[in-house]
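The values are calculated or read from the model by the stated rules, or taken from the named source; none is laboratory data. Predicted model only: the values in this text are computed from it and were never measured. Quick reminder, even Gly has a Cβ in these numbers, built from the backbone with ideal geometry, and neighbours come from all protein chains shown. Accessible surface is based on the protein model in full, side chains and every heavy atom, while ligands, DNA and RNA are left aside. Shrake-Rupley method; radii C 1.70, N 1.55, O 1.52, S 1.80 Å.
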Amino acid sequence: MSDVLTQLTTVLAERKHAADPESSYVASLHHKGLNKILEKLGEECTETLLAAKDAAISGDTKDLIYETADLWFHSLVMLSHLNLTAEDILTELARRFDLSGIAEKNSRQK
């Protein structure tokens, strides 16, 4: 896992358990609960989609990078709330190497 993801995972866990919701954004999200975290994640997803459309037209990707960082961050907060980490996701992505995307998707269909 990259150093940034490792550091962020550590900080998110610390803030989830030990930080004051009045002084920590992450702690405040955990304090408000999963629905608030998911609401924020949905907002960031929409902003990322809009930034991608703008980038496709303008060629300027600055806002797309910024919004994607927000989306990833809030996804990590959601994972942390559910006692998961970026490592869990990276492990799943690694598992999918050398596996056809079509075959992987078909294996999930029931």
Some residue of the range 69-87 being over 21 Å from Leu12 (Cα atoms), in contact with a helix residue (DSSP H, G or I) (Cβ under 7 Å, 6 or more places away or on another chain) and aliphatic (A, V, I, L, M): no
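Of Ala86, Ala51, which residue is small (Gly, Ala, Ser) and touching an Asp or Glu at 6+ places or on another chain (Cβ under 7 Å)?
After applying the criteria, what remains is Ala51.
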Residue count for the range 54-75, restricted to those that are out of contact with any Leu (no Cβ under 6 Å at 6 or more places or on another chain) and under 18 Å from Val26 (Cβ atoms): 6
Cβ pairs under 8 Å, 6+ apart, first in the range 70-96 and farther than 14 Å from Leu5 by Cα and in contact (Cβ under 8 Å) with a residue 60 or more places away in the chain, second open to solvent by less than 60 Å² (accessible area, probe 1.4 Å) and assigned to a helix (DSSP H, G or I): His81/Lys16; His81/Leu29; His81/His30; His81/Leu34; His81/Ile37
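Only one residue in Thr91, Thr61, Thr9, Thr46 is exposed (fewer than 15 other Cβ atoms within 10 Å of the Cβ), modelled with pLDDT under 95 and hydroxyl-bearing (Ser, Thr, Tyr). Which one?
Thr91
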Boolean, Thr68 is of a type in the set (Val, Ile, Thr), out of contact with any strand residue (DSSP E or B) (no Cβ under 6 Å at 6 or more places or on another chain) and modelled with pLDDT under 95: no
